[in-house]
Amino acid sequence: MPRRTSFQREKDLQDLASRYLRGEAQAVIAYDMKVSQQAVSDDLRTLRDRWRKATTMLLDEHKARELAKIDNLELTYWTAWQESRGEKSRTLTRQTKREDTLTMAQVIKEQGDGNPAFLVGVQWCIDRRCKLLGLDAPVKADILSGGKPIAIREVVIEHEKPEAEVGA
């Protein structure tokens, strides 16, 4: 069989991917494409590697985007927290009635205590980031039946012997 050019191989990879994903057999694909079954097998290996890399890159890209959103949200929460702790002013006015009307105004400045809801938001961002990055320790879960833990014992699964060994 003549050797395929890189252009022809890329075209074959596209056709192969389409047919493979429809469930066609390698031998049928090889016959129709006029290549060896081994060439189809090698091309499938190439496709699977590409798909794996693309999926990993895509997953990494999605994680990076979500992490950036979480970082931005956390910054917003921190800014709001700082502002809620800032100095606040309020004005009190008082009028006295005598011969002339006298109005007195008093400005009271107070330090804000900070709105704890913003810290809850910061904590959510930290928790979410840890989950996304897989930094949390595994969670232990007890399996219960009737409110009581189920004892798990070693389970042995016996495999059936292949038919060729049954008569042996």
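A few remarks follow.
- Net charge contributed by nearby residues that have their C-beta within less than 12 Å of ALA25 (K/R +1, D/E -1): 0
- Taking CYS130, CYS125 and counting other C-beta atoms within 10 Å, the order from fewest to most: CYS130, CYS125
- Counting all C-alpha pairs of segment 6-135, share separated by more than 26 Å (%): 62 percent
- Exposure proxy ranking, count of Cβ atoms within 10 Å, fewest first, for LYS140, LYS53: LYS140, LYS53
- For segment 6-135, averaging the sequence separation of C-alpha pairs within contact (under 8 Å, six or more residues apart) and dividing by the residue count gives a relative contact order of 20 percent.
- Radius 15 Å from Cβ of LEU67, net charge of other residues (Lys, Arg +1; Asp, Glu -1): 0
- Given charges at beta-carbon only (K, R positive; D, E negative), |dipole| of segment 6-135 in Debye: 200 debye
- Options LEU133, MET57, LEU13, ranked by Cα towards positive dipole end of segment 6-135, top entry (Cβ charges): LEU133
- When the Cα atoms of segment 1-65 are aligned to their principal axes, the ranges along those axes come out at 46, 26, 15 Å in descending order.
Quick note: the coordinates plus some simple rules give every number you see, no bench work behind them. This is a predicted model, so every value here is computed, not measured. Because the Cβ atoms are built from the backbone with ideal geometry, glycine has one as well, and the counts that use them run over all protein chains shown.
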